[in-house]
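Notes follow the structure.
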Amino acid sequence: MSTDAVSSQSNASVPAHRYSAALADQIETRWQSWWDTHKTYQTPNPGESGFDPQRPKFYCLDMFPYPSGSGLHVGHPEGYTATDIICRYKRMCGHNVLHPMGWDAFGLPAEQYAIQTGVHPAETTRRAIDNFRRQLKRFGFCYDWSREFGTIDPDYYKWTQWIFLQIYNAWYDKQQNRARPICELVEEFESGARSVQLNPDAAEYAGAGDLPGGTRVGEWSALDQDTKRMIIDSYRLAYAARQTVNWCPKLGTALANEEVIDGRSERGGFPVFRKPMRQWMFRITAYADRLLDGLRDVTWPESTKIQQAEWIGRSEGAEIDFPILEPGHVPSGMSLRVFTTRPDTIFGATYMVVAPEHPLVDEALDNPAPETDVEQLRAYVESARNRSDIERMEAKEKTGVFIGRFVQNPATGEPVPVWTSDYVLMGYGTGAIMAVPAQDQRDWDFAVKYNLPIVRTVQPPEDFQGEAYTGDGPAINSDFLNGLHVHQAKQRIITWLEDKQIGSRRVNYRLRDWLFSRQRYWGEPFPIVWDDRGNHYPVSEKSLPVTLPEMADYAPVESDDPQPLLGKATDWLKTTAGEVGVDDLPADTPVTREANTMPGWAGSCWYYLRFCDPRNDERFVGEEPERYWMGGSARSGEQAGHDQTVQGVDLYIGGAEHAVLHLLYARFWHKVLFDLGFVSTDEPFGKLFHQGLILSHAYQRPDKSLVPTDQVENVGTDDRPKWIERATGQEVTQIVAKMSKSLKNVVNPDEVIAEYGADTFRLYEMYLGPLEASKPWNTRDIIGLFRFLQRTWRLCIDESTGNPRLSEQPDPAIEKLLHRTIHRVGRDIEKLSFNTAIAAMIEFVNAADELTLDQADRFVRILSPFAPHMAEEIWHRLGRQEALGSVTIQTWPTCDEAMLVDDEIEIPVQVLGKVRSKITVPADASEETMRQRALADERIAALIADKTVRKIIVVPGRLVNIVAN
RNA sequence: GCGGGUGUGGCGGAAUUGGCAGACGCGCGAGGUUUAGGUCCUCGUGUCCGAAAGGGCUUGCAGGUUCGACUCCUGUCACCCGCACCA
């Protein structure tokens with residue numbers, strides 16, 4: 001540790017009460033324990049003692065951290081300092097502030113770390129949490145620590161399991177456009193109010209559940225138990241189904257689509273393969289439109305809304321049935337259903353493509369047509385199925401095989417061949433497309449390669465040079481559509497298809513159902529058991545939580561034959577209905593527990609609700625605290641023009657990396673809970689903000705490879721640096737890069753606090769630049785903020801005695817500046833513009849020589865959100881503590897509007913837009929006065945003497961511009 | 001390829017939203033206190049010409065609108081972040 005600031009303390013020449021690192025440490029730790037003892041930051045709930053219902057509420061939430069073994073890095077406190085400042089400010093402005101903190105502690109990273117170190121994840125996670133808590137407390141954040149919990153606490157995950165059961169016991173009513181309890185569905189089946197059929201939107205029955213004519217199966221009472229069960233399960237919002245999933249052998253678990261990036265796992269970057277497995281899924285697709293529409297009502301960064309909207313990927317088009325032909329081109333009575341966004345181009349559909357996993361391919365292999373090359377087809381399908389997603393993506397050239405089947409194009413009446421190719425995905429639409437090479441580049445590429453016909457059905461512009469034409473234009477070669485532009489042609493053809501009952505309007509989404517089970521150990525167990533016939537049953541609510549069994553061996557086996565880890569806990573696994581608490585079965589029925597666990601996202605889907613009422617053991621959150629803290633609140637009226645109502649969390653700050661993971665999942669859970677009447681708002685997070693990344697410096701060789709920081713030396717000057725790699729003497733360039741262990745450019749907050757104190761750290765991170773911007777950490781610059789605190793200290797406190805240093809008479813100029821500073825700091829906090837707020841305070845301290853008690857009092861109040869420890873200490877030494885209590889609970893000082901304007905102002909005078917002189921005029925000087933003063937100015941008069949004045953622009957209070965030539 | 005964002009001194013960044021570009025901090029230079037340095041204090045610091053007064057140039061680049069453009073419009077370049085065979 002470099003101890004420059006500390007050593008100055010021991011130097012006899014330095015005043016005894018100078019603000020040094022040692023003094024900062026003493027002040028900070030003292031007030032931190034004082035705040036703890038006095039429960040300064042505990043927030044009472046409605047009805048509790050100390051709760052003031054007159055005040056407006058402000059729920060300010062940080063994305064709670066994942067406590068890793070390596071401790072906090074400097075990125076964490078960035079967002080946390082920002083919310084801390086806002087909370088302190090809002091409290092001073094009279095709000096009831098909810099500002100909680102907890103731990104997102106289940107999931108893969110903790111488990112991977114445990115496997116590496118050989119210490120059980122329960123142990124490593126507890127240690128990591130303790131370390132994170134210690135580090136966070138050292139920053140002096142104003143969290144209400146009495147509300148702290150971790151997602152791994154059985155008291156918490158009991159309710160995570162409970163919410164799972166609510167979702168499991170719910171279905172989506174498309175007529176009412178909301179989720180309802182499953183028992184109401186059964187009632188409707190029983191009464192005949194709803195026709196009995198499989199859920200036509202159930203992804204797990206795609207291609208089977210929605211054949212023309214439907215799958216109505218008659219009276220509910222006439223059905224056997226198994227059929228009833230199958231039908232009910234097809235509606236559940238949580239369902240178990242065997243389907244193709246993203247299997248990651250290295251991680252030993254299946255992953256959700258959102259967790260796979262470019263064919264690799266989001267965590268660890270390991271390859272992902274497609275594999276059919278039985279998994280628990282959430283029917284999030286039922287909420288696709290609601291999740292999309294809800295984005296309109298929230299105050300979120302536009303880029304994040306766009307990302308979610310693109311992930312949901314709504315696209316409008318049509319489903320069309322193409323009759324399948326038997327050899328000799330005789331209709332077989334079967335049809336091939338496709339989804340297309342361009343039904344208007346159907347006359348140009350010259351071939352079809354189905355995904356390698358499509359049932360028609362299996363059928364073609366089972367009953368090959370004479371012209372089918374069975375060996376080639378089988379080989380293609382096999383290889384397509386076994387390729388990883390990465391390999392699939394790397395293949396630039398399209399490949400495919402004719403499957404030996406023809407369908408009839410219902411528009412042209414012509415037979416068209418059916419091919420299979422892996423550029424068509426089984427998971428989207430119907431897994432089959434009509435290929436229109438003239439209007440789709442992918443189809444064009446394929447058609448050219450395999451010599452398939454291309455028929456233009458949209459007239460491209462005369463100067464069109466490309467291949468496929470996707471723009472607008474009149475239809476050609478399209479019979480009754482000819483001449484119609486794309487939009488009208490779509491409407492026309494859909495009407496035609498609907499009349500002939502061979503197609504219909506259809507909306508498709510890119511969003512898939514959410515794969516919710518993992519084969520790992522460190523997660524919430526499912527409150528589900530299985531009987532020996534393979535039926536699942538919920539564990540009753542009164543028997544929750546289903547706790548995670550102790551296991552010594554929690555390491556996954558790298559395997560292509562995935563088995564959940566909990567499968568090894570045989571004693572736990574095998575139980576009886578009575579023991580586990582299943583109400584629907586006789587107590588002695590042998591059952592097997594669900595061995596999958598929930599993914600790391602589960603706990604973060606509702607933690608913001610639990611914070612409202614974290615010790616409630618009757619309900620996941622009490623109704624009144626939920627209504628109060630999550631309820632809609634009019635945005636504070638200080639920003640004019642924004643009277644819109646925000647619902648849910650008033651301000652949520654966290655990284656942008658969760659744009660489509662946590663933020664989408666939590667919205668989904670929240671909407672289900674809302675539909676079922678458990679929460680009072682439709683959206684969880686009214687206002688969202690992303691802090692930027694804290695970057696660091698790194699060095700790059702000419703070949704773009706990176707060099708660790710400790711292997712580089714500056715052989716130039718500070719002004720003109722020249723960086724060389726020590727080992728080779730080769731010149732390298734300094735770049736800005738992410739902090740990483742391998743580059744040796746990670747900054748540890750503990751060390752910075754030891755050297756300067758937490759107040760300096762907080763100020764530095766906020767002063768770095770705009771909160772939303774990514775910006776490089778520059779250790780060298782921290783000293784500037786330390787000096788500012790030192791000057792602040794010296795302004796209020798005598799460095800030699802430690803007593804207040806105050807004047808009797810206020811300096812009028814400083815009084816005026818103080819009002820301005822109060823105004824600027826308040827306005828900038830509202831804008832989350834902390835860097836400029838701090839600059840305003842620096843300017844004030846630089847300008848002031850001495851303050852009166854009253855002035856020091858007010859300045860310390862506005863400083864306190866930023867540097868709470870120093871503010872509290874000065875507050876105390878000024879003697880304010882005794883009478884008024886902690887500075888934390890004071891009111892924000894008022895500023896007098898009249899003090900914000902000057903009597904006289906300096907106005908630039910321009911000639912032809914260039915500033916040539918300045919005049920001093922009364923602030924409310926008229927246009928005419930300003931004009932005359934400007935023309936009377938000596939320098940201006942000289943400049944325009946030999947010119948003709950064409951025009952004079954006078955902006956009162958701003959400037960004068962003389963146009964003369 | 002599509003979508004979004006960002007380009008301002010040696011560095012991090014300001015700019016009342018069309019009105020004095022470079023606030024504030026770092027660094028750098030000069031001086032002071034102390035004196036072994038550092039800490040601390042004061043002043044200076046976009047750049048070019050000039051001894052100075054003063055003047056020219058300057059917000060990635062090229063145009064345009066305007067009395068006036070970092071800000072608005074058109075084109076262009078660079079970098080960053082999403083998405084990417086989604087029919």
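Close Cβ contacts (under 8 Å, 6 or more residues apart or on different chains) running from residues in the stretch A:654-682 that are under 28 Å from A:GLU772 (Cα atoms) and of a type in the set (Val, Ile, Thr) to residues that are within 16 Å of RNA strand B (Cβ to nearest atom) and at pLDDT below 95 comprise A:VAL660/A:GLU258; A:VAL660/A:GLN307; A:VAL660/A:GLN308; A:VAL660/A:TRP311. Residue count for the stretch A:771-808 satisfying the condition of being near RNA strand B (Cβ under 10 Å from one of its atoms) and either touching a Cys at 6+ places or on another chain (Cβ under 6 Å) or more than 17 Å from A:TYR19 (Cα to Cα) (or both): 11. Can you confirm whether the stretch A:310-317 contains a residue that is of a type in the set (D, E, K, R), touching a Leu at 6+ places or on another chain (Cβ under 7 Å) and in contact (Cβ under 8 Å) with a residue 12 or more places away in the chain? Yes - at least one qualifying residue is present in the stretch A:310-317. When the stretch A:801-838 is limited to residues that are out of contact with any Lys or Arg (no Cβ under 9 Å at 6 or more places or on another chain), farther than 30 Å from A:PHE58 by Cα and part of a loop (DSSP other than H, G, I, E, B), the one that is least open to solvent (accessible area, probe 1.4 Å) turns out to be A:SER807. The set of residues in the stretch A:34-56 that are part of a loop (DSSP other than H, G, I, E, B) and among the hydrophobic types (A, V, I, L, M, F, W, C) contains only A:PHE51. Out of the residues in the stretch A:839-852 that are of a type in the set (Gly, Ala, Ser) and open to solvent by less than 20 Å² (accessible area, probe 1.4 Å), which is nearest to RNA strand B (Cβ to nearest atom)? Looking at the filtered set, the residue picked out is A:ALA840. One residue stands out in the stretch A:488-499 among those that are under 16 Å from A:PHE347 (Cα atoms) and away from RNA strand B (no atom under 15 Å from the Cβ): the one that is most open to solvent (accessible area, probe 1.4 Å), namely A:ARG492. The residue of the stretch A:758-770 that is nearest to A:PHE866 (Cα to Cα), among those that are open to solvent by less than 30 Å² (accessible area, probe 1.4 Å) and near RNA strand B (Cβ under 9 Å from one of its atoms), is A:TYR764. Summed over the stretch A:500-513, the residues that are closer than 14 Å to A:SER315 by Cβ, in a loop (DSSP other than H, G, I, E, B) and away from RNA strand B (no atom under 12 Å from the Cβ) give a count of 0.
Can you name every one of the strands (runs of 3 or more DSSP E) wholly within the stretch A:885-965 that holds 3 or more residues which are within 12 Å of RNA strand B (Cβ to nearest atom) and without any contact (Cβ under 8 Å) to a residue 24 or more places away in the chain? Walk me through it before giving the result.
Details: elements: A:904-911, A:914-922, A:949-955, A:959-964.
Filter on the stretch A:885-965 gives A:914-922, A:949-955.
Within the stretch A:686-717, the residues that satisfy the criterion of being modelled with pLDDT under 80 and either within 30 Å of A:ALA82 (Cα to Cα) or among the hydroxyl-bearing types (Ser, Thr, Tyr) (or both) are A:SER705, A:THR717.
Which of the following residues is open to solvent by 10 Å² or more (accessible area, probe 1.4 Å), more than 11 Å from RNA strand B (Cβ to nearest atom) and among the hydrophobic types (A, V, I, L, M, F, W, C): A:VAL736, A:VAL732, A:VAL747? Steps first, please.
Working: A:VAL736 fails: more than 11 Å from RNA strand B (Cβ to nearest atom); A:VAL732 fails: open to solvent by 10 Å² or more (accessible area, probe 1.4 Å).
Every option except A:VAL747 fails the conditions.
Taking the conditions (1) farther than 24 Å from A:PHE834 by Cβ; (2) away from RNA strand B (no atom under 15 Å from the Cβ); (3) touching a strand residue (DSSP E or B) at 6+ places or on another chain (Cβ under 8 Å); (4) among the β-branched types (Val, Ile, Thr) in turn, A:THR681 satisfies each one other than (3). Inspect all residues belonging to the stretch A:561-580 and state whether any of them is touching a residue at least 60 places away in the same chain (Cβ under 8 Å) and assigned by TED's automatic domain parsing to the domain that holds A:ALA240. Scanning the stretch A:561-580, I find at least one residue that is touching a residue at least 60 places away in the same chain (Cβ under 8 Å) and assigned by TED's automatic domain parsing to the domain that holds A:ALA240, so the answer is yes.
Picking from residues in the stretch A:325-354 that are in contact with a strand residue (DSSP E or B) (Cβ under 7 Å, 6 or more places away or on another chain) and small (Gly, Ala, Ser), the one that is nearest to A:VAL407 (Cα to Cα) is A:SER335. If you go through the stretch A:285-332 and keep only what is more than 11 Å from RNA strand B (Cβ to nearest atom), assigned to a strand (DSSP E or B) and closer than 23 Å to A:ALA355 by Cβ, you end up with A:ASP321, A:PHE322, A:PRO323, A:ILE324, A:LEU325, A:GLU326, A:SER332.
The values are calculated or read from the model by the stated rules, or taken from the named source; none is laboratory data. Treat the numbers as computed from the prediction; the structure is a model and nothing was measured. Positions of Cβ are generated from backbone atoms using ideal geometry, with glycine treated the same way; all protein chains shown enter the neighbour counts. Keep in mind that these areas ignore ligands, DNA and RNA; they rest on the heavy atoms of the full protein, side chains included. Shrake-Rupley method; radii C 1.70, N 1.55, O 1.52, S 1.80 Å.
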